[in-house]
Structures are given as structure tokens and as C-alpha cells.
Amino acid sequence: MAMLHTVNKSPFEKNSLESCLRLAKAGSAVLLTEDGVVGAMKGTKHSKDVADAMANISFYVLGPDLKARGLSENNVAEGIKVVDYSGFVDLAAEHESVQAWL
Amino acid sequence: MKFGILVNEGPYTHQASDSAYEFAKAAIEKGHEIFRVFFYHDGVNNGTSLAVPPQDDRHIPNQWSELAKDHSVDLVLCVAAAQRRGMLDEDEAKRNGKTSHNVAEGFRISGLGQLIEAGIQADRMVVFGD
């Protein structure tokens, strides 16, 4: 079983998403939460890094945190699944361990 | 499944405590167990009994207290982090010659061993911080 990585900072603020993507192993999952949801938006200068990583990592974004920031699910990049807190719990349970990139 | 939660930030400054609370609530609703929530660093401020937020705002310490009461969740404040920040329970206040104490209902003060134990006993540790 693989690892769930959580990233809670915008890629425009910190490089935690970049670090995470560099070190996350194939088959693992990344959940973008809090300001990290900005990393899920399409059409940003970080979108390509995320799209490239999607080849072997699955991506999720926390819906309530998108909503809290006025970001529309319509602007979430293709291939990223929107989940709620219940989905967050499922992801944590389904993966072997959870690594927070604080 | 048993979850352990670590909260490293105080209330109202970062989203960490809110996120951790929402996660804990969702996990309990799904029938999981929260083995323990460990509050470390500024996270100990979540355990104050003296917070009086505006009435139209969420009361973060009370939310945790209610979660502890309703679902017998173990809320632990790190003793060293708590003492530095003026968070004292009755025993600690007495021991340090202080006249008052301010640990909210449902919280208790203990050591880092409780975090290690949560890491061992829980199936998953989920960390919330800044």
C-alpha cells in the first residue's frame, strides 16, 4: 500500500508541493488542502508539474477548502478528484501512512 | 480504524485546528475511532478555558471539548509547550505556585510519551500544522 501526502500550502507561497512531487513514489496519492488547493487550479505556471506527476501519482483536492477560497470546482485541473472531509478520512484509511508536507 | 491526530498550531491564527477538527468529526461519523488528539507547540492554545470569541464565530476550544465529551476523545496538551505558554491545569498551577488554571474541559496535560504512544497505537497518524 502506498502513502497519502497532504500539501496545505499554495505552490506560489512555498515549495512544499514541489518537494512532495519530487519525493513521492509512484502509486502514492497527493491531497491538496487549505491554501494547497491553489495547486489544483488549471492554467497556472504550476499546472504542468502537477499534470506530469499525474502519470504515476493520483491527485485529490479538498472541496470545502476550495469553496472557502471562492475557487470553483470548474477550474480544477482535469484528473484531480474533488473530495470532502469524509473523502479525506477514506484516503487516510486506504493508504498505509499519511505524510503532511508542512 | 484508529486515528491519531497531531495539532501543531493554535486556534484562529492558522487553519490547522479547524482542519483537524473537521477531519476528526468526519472520521467519527464514519465509525472510526480517534485514539487521541495531541496538541503540540502553539497547538496547546486550543485547550484554553478562557477564550471568548465573538458570538457569530465558532468557538474552537469549546468545539474540541464537546467532541471529547460526546465521543470520549482523549485531548492531550504537551506539558512543556503548555507551561511555556501559560496553559496550566489545577495540579500544574499548584505545583508552580500560580493562583489560577485555564485548561478547558476534556483536555488534559501530559508528556510527549503520549504522542509516541498514539503513533504506536493508532493505525494512522494525521498531522495538522502550518
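The values are calculated or read from the model by the stated rules, or taken from the named source; none is laboratory data. Only a predicted model underlies this, so the values are computations on that prediction, with no experimental measurement involved. When we count neighbours, we look across all protein chains shown, and the Cβ atoms used for this are built from the backbone with ideal geometry, even at glycine. What goes into the accessible areas is simple: the full protein's heavy atoms, side chains included, and nothing from ligands, DNA or RNA. Shrake-Rupley method; radii C 1.70, N 1.55, O 1.52, S 1.80 Å.
5 Å is the cut-off here: which amide hydrogens, built 1.01 Å from N in the peptide plane, fall below it relative to B:VAL73, excluding neighbours closer than 5 in sequence?
Counting only residues 5 or more places away or on other chains, the set is B:ALA68.
Could you work out how much longer the chain between B:LEU50 and B:THR99 gets when fully extended? Use 0.36 nm per residue separation minus the Cα distance between them, nm to one decimal.
16.2 nm
Which percentage, to the nearest 5, of the DSSP beta bridges contained in chain B is antiparallel?
5 percent
Ignoring ligands, DNA and RNA, how do A:ASP90, A:ASP52 rank by accessible area with a 1.4 Å probe, largest first?
Putting A:ASP90, A:ASP52 in descending order of accessible area: A:ASP52, A:ASP90.
Just to confirm, what accessible area per residue do you get for chain A at 1.4 Å probe, in whole Å²?
That works out to 48 Å² per residue.
Give me a single rounded figure for B:120-127: the average over its residues of other chain Cβ atoms within 10 Å of their Cβ.
4
Normalised by the number of residues in segment A:3-101, what is the relative contact order in percent for Cα pairs under 8 Å and 6+ residues apart?
Reported relative contact order: 35 percent.
Carbon-plus-sulfur fraction of the accessible area of the protein assembly as shown, 1.4 Å probe, in percent?
47 percent
In Å, what is the Rg of the alpha-carbon atoms in chain B, and how long is Dmax?
Gyration radius and largest Cα-Cα distance of chain B: 13.9, 44 Å.
Over chain A, what is the percentage of antiparallel beta bridges among all DSSP beta bridges, to the nearest 5?
Around 5 percent antiparallel, to the nearest 5.
What net charge do the residues around B:GLU66 carry, taking every other residue with its C-beta under 15 Å from that of B:GLU66, with Lys and Arg at +1 and Asp and Glu at -1?
Spelling it out: positives minus negatives among the neighbours equals -3.
Top to bottom by accessible area (1.4 Å), largest first, where do B:THR99, A:THR33 land?
Ranking B:THR99, A:THR33 by accessible area, largest first, yields B:THR99, A:THR33.
What pairs from A:LYS14/B:LYS25; A:LYS25/B:LYS30; A:LYS25/A:LYS48; B:LYS25/B:LYS98 go past 26 Å between their alpha carbons?
A:LYS14/B:LYS25; A:LYS25/B:LYS30; B:LYS25/B:LYS98
Using θ = phi - 60° and the Karplus relation 6.51 cos²θ - 1.76 cosθ + 1.60, list the HN-Hα couplings for segment A:88-93 in order, rounded to whole Hz, with x at every Gly or Pro.
4, 4, 4, 4, 4, 6
Just to confirm a number: summing +1 for Lys and Arg and -1 for Asp and Glu over residues other than B:ARG124 whose beta-carbon lies under 14 angstrom from that of B:ARG124, what do you get?
Local charge sum for B:ARG124: -2.
Can you compute log10 of I(q)/I(0) for segment A:1-80 with the Debye formula, treating each Cα as one identical point scatterer, at q = 0.11 Å⁻¹?
-0.23
Given the convex hull over the Cα atoms of the protein assembly as shown, what projected area results after averaging over all orientations, in nm²?
13.1 nm²
Could you state the number of Å between the C-alpha centres of segment A:28-43 and segment B:1-49?
Here the two parts' Cα centres lie 21 Å apart.
Provide the net charge surrounding A:MET3, with neighbours chosen by a C-beta distance below 10 Å and charges set as Lys +1, Arg +1, Asp -1, Glu -1.
Summing Lys and Arg as +1 and Asp and Glu as -1 gives 0.
With the contact rule set at Cα under 8 Å and sequence spacing of 6 or more, what percent relative contact order holds for chain B?
Averaging sequence separation for qualifying contacts and normalising by length gives 37 percent for chain B.
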